[in-house]
1. Using a Förster distance of 56 angstrom, determine the FRET efficiency expected from the C-beta separation of B:Glu291 and A:Glu595, and round it to 0.05.
2. Between A:Thr52 and A:Arg281, what's the calculated FRET efficiency when r is the beta-carbon distance and R0 is 30 Å? Round to 0.05.
3. Starting from the Cα-Cα distance between A:Tyr394 and A:Lys297, subtract it from 0.36 nm times their residue separation and give me the gain in nm to one decimal.
4. Any idea what the relative contact order of chain A is, in percent, if you count C-alpha pairs under 8 Å spaced at least 6 apart?
5. Let me confirm one metric for peptide A:615-624, namely the mean number of other chain beta-carbon atoms within 10 Å of its residues' beta-carbons.
6. Full-extension gain between B:Lys274 and B:Asp152, please, as 0.36 nm times their residue separation minus the C-alpha to C-alpha distance.
7. Beyond 17 Å, what share of the Cα-Cα pairs of region B:223-322 is found? Please give it as a whole percent.
8. Rounded if a/c is under 1.5, else prolate if a/b beats b/c, else oblate: with a ≥ b ≥ c from the C-alpha gyration tensor eigenvalues square-rooted, which is region A:103-205?
Amino acid sequence: MNEAFFDKKEYKPLDRVDGRLKVTGAAKYSAEYALPNMAYGVLVGSRIAKGTIKSIDSKAAERAPGVLAVISHLNVIKIPGYAARGVHPSEPPTGGQPLRVFYDNKVYSNDQPIAIVVATSLEKAQYGASLVKVQYDQQEHQTDFEANAKNAVIAAAAKKNPKSPTADYDRGQTDAFETAPFRIEAEYVLPTEMHNPMELQAITAHWEADDRLTIYDKVQGTKTTQKTFAKEWDVPEQNVKVIATFVGGAFGNGLHSWPHESAAIIAAKQVKRPVKVVLTREQMFTMVGYRPRTWQKIQMGAAKDGKLVAINHHSIGQTSTYEEFTETTLMQTRMMYASPNVSTRYRLLPLNVATPIWMRGPGEATGAFALESAMDEMAHAIGMDPIEFRLANYTETDPDKNMPWSTKYMRECYEEGKKRIGWENRKLKPGSVRDGEWLVGYGMGTGTFGANRGPATVKAELDLEGNLVMHCAITDIGPGTATAMVQVASNTTGIAPEKITFHLGSSEFPNAGLQGGSSTVNSVGPAVQAACNALKEQLITMAAAKSGPDFGAAKPDDIMFEKGEIQLSGKSSAKLKLSDLFKQNNIQKIEATQESKPSENGKKYSMNAFSMHFAMVHVHPFTGQVRVKKIVCCADAGTIVSPKTAESQMIGGATGGIGMALTEDAVMDHRFGRYVTKDFGDYHVPVHADVPDIDVYFVNKPDLLADPVGSKGLGEIAIIGVAPAIANAVFNATGKRVRHLPITPDKLLGL
Amino acid sequence: MIQFQYERASTAKAAVSALANNAKIIAGGTNLVDLMKRNVMAPAKLIDINSLPLRSIEQQNGKMIIGALALNSQVADDKLVLEKHPLLSKALNAGASAQIRNMATVGGNMMQRTRCSYFYDTALPCNKREPGSGCGALEGVNRMHAIFGTSDKCIAVHPSDMCVALVALDAIVVVSGPKGERRIPFDDFHRLPGSQPEKDNTLQKDELIISVEIPDNTFSKNCHYFKVRDRTSYAFALVSVAAALDLDGKNIKEARLAMGGVAHKPWRLKEAEKALAGKPATEETFRQAAEIAMQGAKAFKHNAFKLKLGPNVIVEALKNAAGLV
Ligand SMILES: Cc1cc2nc3c(=O)[nH]c(=O)nc-3n(C[C@H](O)[C@H](O)[C@H](O)COP(=O)(O)OP(=O)(O)OC[C@H]3O[C@@H](n4cnc5c(N)ncnc54)[C@H](O)[C@@H]3O)c2cc1C
C-alpha cells in the first residue's frame, strides 16, 4: 500500500449532501406523496385503558360529507397474516403478540386505535372521526408503576435462555457487597419518555394491484418493514415496496411496525384508493412506542483505595400486557468497571399501556443513569475525585465476556474531557463554588454501546464521466447516512464527493438492516468499500489489457481516481483517462454489487464504542432552576468518516440527554390510564435556551477489528451518560442528589 | 375540527353585532385554533378582526393606550413601552416563543384559556369545558395548578405572563358592546372559578376588547419579571412574579406586586404591597412581604412546592427590581 495515498485519505468535514433538499423543502417525506385519488384516514382512539368495545355507532360519521368508510373490528376485511399468532418477523427481541389493529373488541391501553375514518380530505376525516360514538365494558386497569412494581416478572426470553442479556447474572460472590468497607445503596427512577421526532409518524399506502402494495412510510428499516407487511398480507416479499427516502427523525420509533401502518394499509384495501394516515402529536404519545419507565436499585461496595468490591444492579422496566419489550439496561454494569463481584436482575412489569420500543441509547442510557450516578455517589462517599475513582477501576479487558477489547481509548477521553470542561475548577466538597447567586457544579458520566455490525449490500455504478452512483436499502433517520457513505466512497476511490451519489431508503435497493443500534456506518460502510473495490478490480483488468504490466499487478488499494483519470500509485505513477478506457472497451459504465458481513472477530474480541460526557451547571438555590452552562462530549467511536455530521450527532445526543436529565416527563393520570402531558407545550423537550455550547472530541482511531472502515458506531453513545453527567454536576453544585428524573425546579427547592 | 363559518369584520361595530349571534372572535389564532383542532372549542362562526385599526400604541393624557390587536412582540419591542413600562415588555418576552409572540395579540393574550390538561382533553372531566362533568385536576395531576382562590369546581390557573404585569400596572381594559364602551379595571377583568369555572372573565359574550390603558407611573426604573418554569424558554410558569418599586434612595415609597401561575386570574398582592411601602429595600423587608403574600395559599397533591417556591420568587423578583442582585 502506498503511504502517500493514505495521507490523502483523511476524512474531512463535508456539508450534508442532501442539506439543500432539506432546507428548501424539496426533500419528500412519507406524508408528502400526493397520489391520484388519495383518501385520508384519521384514527379513533379508545377512551378506556382496559376492557371491551360494546358497540360502535358510526352512522353519523358514515353520513358525514366526504366520508368513504368507517372501519373497525366490526367490518374489517380478513387480514391473512392475523391468523398466525406470534408471527413477528422484524423484532425478535420483542416477545409476545404485537397489537393487531381492529382484530377484535379488546382494549389493552388508552388511545389504542379502534377505528379509522377514511374520507376525501383530512378535515372531513377528522370531522367524521369526531362523530364516532363508542360504548365500552370497562375493566379495572393497572397503569401505576409504583403501585404494581411487586408484580414484575422475569422476561420470557430470559427464562428460555440463561445467557440472554436479560437473564439473572452473577459474577464472583453474590454477598460481597455486605462486607465492603464503603457501601452505598440507592434507587433511581427514569420516567416514561417519548421519542417525539419533529416529523409525525406518517404512511401513505397504495395497493397498486390486488397483491401489490407500495407504502411511503416513516420507518427505520425498509427491508424489515417489507417482510412484516408481506407476511401480514400473505403476498410475496417483492410485491411489497417500502419507500422511506427521507425520515424526519425517529430515535427508535420507526424500529417496530405499528397499528396505524396496518390501519392505513387495510383502509387502502377497503376503499380501493391510496390512503394517507398522519398521526397527531397526541397520538405520538400512545401509538408508536416510548422509552419505558424504569426503576433501578444499585448496591455498590468499594474499598478505601477506590477499588470496587461489588455492584448489585436491579431494574424493572414497564411493558404492555401483550408484548414483552426488553432492553439492555444492565449490560454496562457488567462490563464497564473491573468489579470482581457483579449481580444483575432484570424484571418486566406488564401494565395496561401500549408497548414501549427502543429509544436513543436504548437500555444503556437508562442503565447508565443509575450506574454513573452510583459511581459518583461512591466517589463522594470515599472522598475521591470521580475520575480518579473510575480510573482506579479501569479495565483493560471485558470482565463480562472475558475477552480483550478490540479497541478502547477511554483514557484519552478522560484526559481531553477534563481539560476542556475545566475540571480543575471542580471542588470535591459539593456546594462550594459560586457565581453570583448561582451554585456551580461539575459532573461526568460514561457510556458504551456494542459496535454492532450486520450484513449489508451496496450496488455501485461508475460511468465514463467518472460519476459514481450507489444504491442501498438502508434508511437515514437524520444522522446524514448518504453524506457518510459518500465520504467512505470518496475515500476509497479518490473520486470527489460532488461526483458521488448515494441512494437509500427503498426496499427495491440492495439489502441492508435497520438504521438503529449505531450499526449503519460500520455495516453499510464496508459494503460501500467492497463495491468500490470491486469496481477498481474491473478497471484494473481493463487497464492491464490496455497498458500492460503496470496495471496488471495492481491491487484495488493501489489505484485512485483523480479528475477523471485512473492513477496508479508507486514509482510508475501510470495514468489513464477513464473515458478513454471506457470508450476503448465500448462501454458506458461498469457496475458492481457487493455484500459485506461481520467477521469472526466478534468471537475473539469485545467490540464497543465508548463515550464520556462532562457537564458544568449552574443551580439557582432559591428557585431550583438548573442551567447547563457547558457540555463536553468525548467519544471513542473508531474512525470518524464524516466529522461534520458526526459532531452534529453528538450535539443532538447531548441535547437529548439534557431533556432526559432536566425536562422530559410523560405524566399519566392513573385513574384514567391516560397521559396528561401530550404535546410540545407540556412535554418539555429542550429548547435552544436550554442547550449551551457543546464541545465534541473524537479520539478518531480506527478499529479495524470491528470492521474494515474502522468505525464502531456513534448514534447511541451520543446520549448515553449525558443525564448522569448533569445529575452529578447538580449534586456537585448543591449537595443534593436527585435520583428521580427529570430534575425540575421543585426537586431542588430548599437548598 | 368541526365545521364553522368564517367572516371578516370591517368595523368594530360589525364585529360586536356578529358576536350577538354566537360568533367568536379570532385574532392571532394561536390559542383558539389549537382548541378547535382538539374539539375543546367549537364555535359555529369566527369573526376575524385583524383588519380593524386596533394595532397602535400611543401615549395620551398621562396614559398609554395599547390596541387590542397590537402583537405581543410589537408591544415587547416598542420604544415607548420599553421606556415607560419595561415591566410589560419583560413579562411579554418571558412568554411563549418568538414565533407565537409574532402572531399573538394583546386581546387574545388576555382571553387565552387555561392550559390545564383536563381542559384540553375531551376524554377527561373538566367543569370549565363541560360544566358539571367534574374537575379532573382536583384529585388528579395538579402540579401546575392554583394555590389561591380555588374552588371545588376548578383549580386551573390563568396562563398569561403579560396579564401579571398589566394587573400590577393598574391597567384598564376598554371594551365595546351593544350598549357602547365599558372600562374594566384589570383586576376585575379575570375572575375566580367559584361555581362557574366556565367563565374565565367578566367580558360579556357580545363584547369586544378595544384596548388596554396603562396610567403613567413611577416604576420604570425598578421593576422585574421573574418567571420559574420547567425549561428555560417556551414553557408556562410554575410561578412568576411581577415586581415594581418606586424607590426613594434605599426606601420604598410604593410597590406593586403580582403573581402568575398561582390562581385562576393574575394574582395581585395588595397586602404585601402595603407591607413594603415605607420600608427599606432589603431582603429582610422582601421576605416579610412574601410571607404576607402567601397567606391563604392552599396546595393540592402535586403543587405543594409552590408554597415554598412562591415566596422565594417574590423575594428574587423584588431583589432584582431593587438592584440587589
Ligand atoms: C405552545 C404555546 C406556549 C405558550 N406559552 C405562553 C407563555 O409562556 N406565556 C403566555 O403568557 N402565553 C403563552 N402562550 C399563549 C399565547 O400568549 C396566546 O396563545 C396568545 O396570546 C393568544 O393571542 P391570539 O391573538 O393568538 O388569540 P386567539 O387565539 O386569536 O384568541 C384567543 C381568545 O381570545 C379571544 N379574543 C381575541 N381577541 C379578542 C378581542 N379583541 N376581544 C375579545 N376577545 C378576543 C378569542 O375569541 C379567543 O377566545 C403560549 C401559546 C402556545 C401555543
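1. Calculated value: 0.15.
2. Result of the calculation: an efficiency of 0.60.
3. 32.7 nm
4. That works out to 16 percent.
5. 3
6. 40.9 nm
7. 45
8. It is prolate, given that a/c is not under 1.5 and a/b is the larger ratio.
FYI, it's all coordinate maths here, none of it is from the lab. What you see is a predicted model; the values in this text were computed from it and never measured. Neighbour counts are summed over all protein chains in view; Cβ atoms, including those assigned to glycine, are modelled from backbone coordinates with ideal geometry.
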